[in-house]
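Below: one structure, written as structure tokens.
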Amino acid sequence: MLRHFPEPGIAYEHRPRDYFIAGFTFFCVAVCLVVDANATIEKQNALGVCGWVFLIGLLLGESSEVRMQVIIAVAFATVGEHFASPYMGGYTYRFENVPAYVPPGHGMVYLTAVALARSGFFMRYARMIALFVVTACGLWSIWGISGLAAQGDSVGALLFCIFLGYLFKGRSPLVYLAAFFITTWLELIGTAAGTWTWASIDPVLSLPQGNPPSGVAAWYCLVDAVAMGGAAPVMKGLTNISGWLPIGRSRVAAYQTADE
């Protein structure tokens with residue numbers, strides 16, 4: 001069950017960059033969502049511009065594979081946002097739109113999950129972190145269906161079970177653990193500030209859901225899984241396409257000449 005977890009007790013390397021990405025994103029998420037709670041549409045669009053600038057800046061120091069993962073995550077999550085919010089009404093933003101900062105925000109959230117997952121702290125204490133996350137999210141889910149919560153949360157309990165599947169069967173459990181922290185952070189701040197509100201009844205399952213659902217990290221795990229699984233095939237496909245183009249063939253010939 002824990003075969004994809006790193007070996008415990010090893011002094012894994014701490015890279016300051018990983019912690020900077022995480023700290024910067026946690027800070028930006030809090031500021032952005034609090035500001036947007038009373039912002040005009042123009043200010044919301046300005047937050048979007050800032051989000052793209054920050055995301056591009058953070059990606060400058062990443063590998064081509066991670067950059068492709070972020071691109072896929074942004075594309076997939078943006079399509080999902082338009083389907084789940086304006087179309088289905090699972091949750092609603094203040095202006096009943098998808099704010100301009102949401103697409104780059106998804107990129108920063110995904111990159112943060114990757115950065116934390118490869119950090120020395122997460123690598124060394126993966127099992128302890130998993131125990132904390134499972135316990136905290138499990139208690140949250142139980143509270144949501146116990147009748148004590150102001151808004152029932154059967155959807156959250158279902159999502160928690162899905163999250164457990166990702167965590168113990170998926171190939172990147174540390175990314176999913178990290179996703180729990182950053183997504184719980186943004187969901188609690190966003191809903192508390194009134195930046196968006198989850199529907200009390202899920203429009204697809206017709207089940208009560210919390211504001212936010214307790215297992216909401218499962219949705220972000222899906223984004224992470226698509227990004228990680230799709231990056232390599234997309235990069236391979238782009239490489240093949242570039243080889244068919246004149247500029248691609250000239251580059252290949254130049255590399256072969258240099259090797260000789």
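Read-outs throughout are calculated quantities, based only on the coordinates presented, and are distinct from any laboratory measurement. Keep in mind that this is a model prediction, so the values were computed, not measured. Counting neighbours? That spans all protein chains shown, and the Cβs are built from the backbone with ideal geometry, glycine included.
Computed quantities for the displayed model
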quantity: Relative exposure of Phe54, Phe95, judged by other C-beta atoms within 10 Å (fewest first); calculated: Phe95, Phe54
quantity: Given charges at Cβ of Lys, Arg, Asp, Glu: the chain dipole, positive-most of Ala199, His82, Thr184; calculated: Thr184
quantity: Separation in nanometres of the label points that stand 7 Å from Cα toward Cβ, at Phe24 and Tyr87; calculated: 3.3
quantity: Extended-chain gain in nm, criterion 0.36 nm per residue less alpha-carbon gap, Thr135 and Val49; calculated: 27.2 nm
quantity: Met128/Ala193 FRET efficiency (R0 25 Å; Cβ-Cβ; nearest 0.05); calculated: 0.20
quantity: Most mobile listed residue (Gly156, Gly215, Gly147) in the chain, GNM with C-alpha springs under 10 Å; calculated: Gly147
quantity: Kyte-Doolittle at least 0.5, axis length at least 18 Å by Cα - qualifying DSSP helices, the chain; calculated: 16-36, 41-59, 64-82, 102-118, 126-145, 154-169, 173-193, 217-244
quantity: Net lengthening on full extension, Ser200/His14 (0.36 nm per residue, minus Cα-Cα); calculated: 62.7 nm
quantity: Most mobile listed residue (Gly107, Gly165, Gly144) in the chain, GNM with C-alpha springs under 10 Å; calculated: Gly165
quantity: Gaussian network model of the chain, springs between alpha carbon atoms under 10 Å - residue of Ala192, Ala179, Ala149 with greatest fluctuation; calculated: Ala149
quantity: Leu238/Val31 FRET efficiency (R0 25 Å; Cβ-Cβ; nearest 0.05); calculated: 0.10
quantity: R0 of 30 Å, Cβ-Cβ distance Asn97-Leu2: FRET efficiency to nearest 0.05; calculated: 0.10
quantity: Under the Debye formula (equal points on every Cα, no solvent term), log10 I(q)/I(0) of the chain at q = 0.09, 0.11, 0.12, 0.16 Å⁻¹; calculated: -0.45, -0.65, -0.76, -1.25
quantity: Neighbour-count ranking [beta-carbon atoms within 10 angstrom, fewest first] of His4, His106; calculated: His4, His106
quantity: Net charge of neighbours whose Cβ lies under 13 Å from the Cβ of Leu47, counting Lys and Arg as +1 and Asp and Glu as -1; calculated: 0
quantity: Relative contact order for the chain, counting Cα pairs under 8 Å that sit 6 or more residues apart, in percent; calculated: 27
